[in-house]
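Accompanying notes for the structure given below.
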Amino acid sequence: MMSHPISMRFLLPFIAGFALFAIPAHSQDVKVDGFLSFVPAAGGVFDYTMTLQNTGSEAIEGLWLGWALSSNPTFDIDDPTNAGNALGWASPVDGDSVQFGGSSSETLLAVGKSTTFTFDSTSTPAQFMSQAAGQSVAYGVDASQFAIEDDTLHSVEFAPTVVSVPEPSSVGLLVAGTLTISCLRWRRQLQVRS
């Protein structure tokens with residue numbers, strides 16, 4: 001039998017490379033971005049609003065705020081109260097966490113969409129920024145909501161990014177100051193002209 005100029009030593013790497021392209025990439029179906037804004041309230045409490053954006057390829061039907069396997073302690077939002085959300089999901093407080101969702105008939109957070117979740121807490125923005133508070137899990141439609149699993153294709157652990165929003169009183173003072181300076185300049189210009 002005659003051997004061909006292309007030997008097996010050249011053909012094997014080609015076959016191996018082709019096989020790598022044929023294997024589908026393993027990716028996460030549930031991906032979210034969370035952005036947490038806050039307003040200080042009375043008694044060391046902060047009013048928080050979290051905007052959750054679904055950036056994955058699976059709809060979201062649950063969010064466990066303040067719970068994740070990697071968190072220490074596991075339940076890590078201090079004294080959460082007044083939980084609510086824009087989707088109409090159930091929002092029961094569970095210890096130092098909030099379980100948003102829980103019903104199979106609820107409105108889903110569709111791929112590419114965002115929504116807001118609100119709660120009050122004595123956890124400070126600094127605790128959220130350092131991730132001492134704020135580890136959470138989002139659950140896709142194929143996950144068991146509020147189960148221990150937080151690292152499958154159908155659930156994902158995340159920490160929201162804290163964004164600074166000026167207090168309404170600060171904005172009011174800024175506007176009032178700008179108006180006062182403008183009025184003083186206008187008055188001075190009128191005096192110079194007369």
Filter region 51-106 down to the residues that are within 12 Å of residue 134 (Cα to Cα) and acidic (Asp, Glu) and list them by number.
76, 78, 96
Qualifying position, being in contact with an Asp or Glu (Cβ under 8 Å, 6 or more places away or on another chain), at pLDDT below 95 and either open to solvent by 40 Å² or more (accessible area, probe 1.4 Å) or assigned to a strand (DSSP E or B) (or both), among 69, 11
69
Given (1) over 22 Å from residue 163 (Cα atoms); (2) open to solvent by less than 60 Å² (accessible area, probe 1.4 Å), index of the condition residue 105 fails
(2)
Taking first residues from region 142-161 that are on the phi > 0 side of the Ramachandran plot and touching a residue at least 24 places away in the same chain (Cβ under 8 Å) and second residues anywhere that are part of a strand (DSSP E or B) and not polar (S, T, N, Q), the pairs with Cβ under 9 Å that are 6 or more apart or on different chains are 146/62; 146/64; 146/67; 146/101; 146/137; 146/139
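Which of the residues belonging to region 108-130 are among the polar types (S, T, N, Q) and surrounded by 15 or more Cβ atoms within 10 Å (Cβ to Cβ)?
114, 115, 118, 121, 122, 123, 124, 127
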Here's a check for you: in region 91-100, which residue that is in a loop (DSSP other than H, G, I, E, B) and open to solvent by 40 Å² or more (accessible area, probe 1.4 Å) is modelled with the highest pLDDT?
92
Single match in 115, 55, 74 (criterion: in contact (Cβ under 8 Å) with a residue 60 or more places away in the chain and of a type outside the set (Asp, Glu)):
115
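The values are calculated or read from the model by the stated rules, or taken from the named source; none is laboratory data. All values reported here derive from a predicted model rather than from experimental measurement. Virtual Cβ from ideal backbone geometry, glycine too; neighbours counted across all protein chains shown. These area figures cover heavy atoms from the full protein model, side chains too; ligands, DNA and RNA do not enter into them. Shrake-Rupley method; radii C 1.70, N 1.55, O 1.52, S 1.80 Å.
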